[in-house]
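A.B. asks: One structure, as structure tokens, below. Some questions next.
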Amino acid sequence: MSTEKKSFIGTLTSFKKTFWVASAMELFERWAWYGIFTLLAIYLVGSTDEGGLGFTHTEKGQLMGFIPAILYLLPLFTGVIADKIGYKLSLIIAYVMLIIGYYLMGEVTSYWSVFFVFLFVALGAALFKPVASAIVTKSTDESNSTLGFGIFYMMVNIGGFIGPAMSSGLRSTYGWKLIFIQAAIVIGINLLIVIFFFKEPYREETSKETFGEAVSNSFKKIIEAVKDVRLSVLLIIMVGFWTMFNQLFNTLPNFIEDWIDSSVLSTTITDFWPWLGNVMSDGGQIKPEWFTQIDALMIVFLQIFVSFFVLKMRHVTAMVRGFIIATVGIGLTFYTQNVWFTVIGTVIFAIGEMATNPTFSSFIAIISPKGKEALYQGTYFLPVAAGNFFTAFVSGNLYEAWSDKLSLLKTEMTTRGIEMPEVTADFSKNQYYELAAQKLGMNQSDMTALLWNNYSPNKIWIVIVGIGVVTILALAIYDKLVIKPKEAAAKATN
């Protein structure tokens, strides 16, 4: 056995039991979350006769934008709670909340009931999130932390792939409700893991500080960090990346369902591997969630290789190049009805994401003053939260106005003076499509082509790509005016 292999195996065996427990819990938690979130855009606006909720895209945008934004802000508080009451109790509370929340998500149907139940889920997820990272931090040391976090984030993407894949099959075979039951069961496994296998790691005693004081101090630390112009400008710039990234989950599945004809891809896969084609297809079309899966699958297999090439670049240079690649990729997915562009665009976007996201976290560490690394890293989720907030308007209001097939069809029928009943619980979106096609004397494909040609629903790509271009330019200017002068000054003093 080679020395390198012995060293690698030795590093693996050096991890504490709590590390492997945390990694397993992360896999199952991401399985449950992405098993729902990847399909949520389709479920929320789906036709009621197929088990969907029939919401508008504006309502969908608010649910999928505002609530995750809150989720990514809450760790500022939930981390304090976990330090006060202990990691094990925090995890038990989080898992009980998630089990209840995920199950109820499959039971509620009105906008506000979904909003508050989903918010309850977000509270549980926010309580879990800082604890999982803290456990990995406390279970590793300088000799194995890099590999440890690499394994941890690999678990994120494995869970992020398995969850949607399982949910895709379940919703086609047994209906939407079962994907929420699946999420509750998977979190139930985590609850058993934490009860029987998790041992509370050592935590610094914080009992002298009240909860209110701890929350107040947490806020003060964040404010102290963002007073650093280098950091605050970088965080603002990264809002653009996350706004663009979120379109992969919040907007693309709806765009694919509304406009992309994936029958040729479905036929190709079915001819090559009939079982896989049947799993991935519904009604002769590839189910939209499988295109989002391309991103997770690419990260699982290629992140190490992309990271290897990125290591040879300056951090900002790598981020700019990653932004450019990601922007080109996301633009291709929305530009045309050709399914192969959707596939290629998603692959390109994934490569850009792999070059950008890990580098961003590493770059924060680079610009952090000595002794304040943890303080600066605590700001990582601020642009993620803001990106989700702005995504609500792109995937919601803007998509509703420019790209929603139902909205555009209603406009077309009104323009032609053709009366149509309103979409209600008794008259579904699919029934509206069928009746409209009859009155227009067209089949569904011809009607879709008519709307595409008359209204250009793909023009939303201009806004999404525009966000990416502005982010690229802002980061390049930031590099020229802030980072390069700092680097030059540092070299001059050495």
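A.B. asks: Any chance region 321-337 includes a residue that's over 21 Å from the mean Cα position of the chain (by Cα), open to solvent by less than 10 Å² (accessible area, probe 1.4 Å) and either farther than 27 Å from Phe255 by Cβ or among the hydroxyl-bearing types (Ser, Thr, Tyr) (or both)?
C.D. replies: No; the residues of region 321-337 include none that is over 21 Å from the mean Cα position of the chain (by Cα), open to solvent by less than 10 Å² (accessible area, probe 1.4 Å) and either farther than 27 Å from Phe255 by Cβ or among the hydroxyl-bearing types (Ser, Thr, Tyr) (or both).
A.B. asks: Here is a list: Ile222, Ile236, Ile185, Ile189. Which entry is surrounded by 13 or more Cβ atoms within 10 Å (Cβ to Cβ), among the aliphatic types (A, V, I, L, M) and under 21 Å from the mean Cα position of the chain (by Cα)?
C.D. replies: Ile236
A.B. asks: Check region 385-400 and report whether any residue there is modelled with pLDDT under 95, open to solvent by 20 Å² or more (accessible area, probe 1.4 Å), among the acidic types (Asp, Glu) and within 18 Å of Ser47 (Cβ to Cβ).
C.D. replies: No, region 385-400 contains no residue that is modelled with pLDDT under 95, open to solvent by 20 Å² or more (accessible area, probe 1.4 Å), among the acidic types (Asp, Glu) and within 18 Å of Ser47 (Cβ to Cβ).
A.B. asks: Taking the stated definitions as given, is Ser172 in contact with an Asp or Glu (Cβ under 6 Å, 6 or more places away or on another chain) and either surrounded by 15 or more Cβ atoms within 10 Å (Cβ to Cβ) or among the small types (Gly, Ala, Ser) (or both)?
C.D. replies: In short, yes.
A.B. asks: What's the total number of residues in region 278-329 that are polar (S, T, N, Q), closer than 25 Å to Tyr478 by Cα and at pLDDT below 90?
C.D. replies: The total comes to 2.
A.B. asks: Oh, and also: Looking at region 453-477, which of the residues that are hydroxyl-bearing (Ser, Thr, Tyr) and part of a helix (DSSP H, G or I) is most open to solvent (accessible area, probe 1.4 Å)?
C.D. replies: Only one residue fits best here, namely Tyr455.
A.B. asks: Within region 438-452, how many residues turn out to be in contact (Cβ under 8 Å) with a residue 12 or more places away in the chain and farther than 15 Å from Lys410 by Cα?
C.D. replies: Matching residues across region 438-452 total 1.
A.B. asks: Related question: For region 266-322, which positions are touching a strand residue (DSSP E or B) at 6+ places or on another chain (Cβ under 6 Å) and free of Cβ contacts under 8 Å to residues at least 24 places away in the same chain?
C.D. replies: Answer for region 266-322, where residues must be touching a strand residue (DSSP E or B) at 6+ places or on another chain (Cβ under 6 Å) and free of Cβ contacts under 8 Å to residues at least 24 places away in the same chain: just Ser266.
A.B. asks: Please specify each residue of region 202-217 satisfying the condition of being open to solvent by less than 70 Å² (accessible area, probe 1.4 Å) and either more than 13 Å from Ala82 (Cα to Cα) or at pLDDT 60 or above (or both).
C.D. replies: Glu209, Gly212, Ala214, Val215, Ser216, Asn217
A.B. asks: List every residue pair whose Cβ atoms lie under 7 Å apart, where the two residues are 6 or more positions apart in sequence or sit on different chains, the first residue falls within region 337-349 and is in a helix (DSSP H, G or I), and the second residue, located anywhere, is surrounded by fewer than 18 Cβ atoms within 10 Å (Cβ to Cβ) and among the acidic types (Asp, Glu).
C.D. replies: What qualifies is Val339/Asp261.
The values are calculated or read from the model by the stated rules, or taken from the named source; none is laboratory data. Remember, it's a predicted structure, so these values are computed and weren't measured experimentally. Please note: Cβ atoms are built from the backbone with ideal geometry, for glycine as well, and neighbour counts cover all protein chains shown. Just the protein is used for accessible areas: all its heavy atoms, side chains included, with ligands, DNA and RNA removed. Shrake-Rupley method; radii C 1.70, N 1.55, O 1.52, S 1.80 Å.
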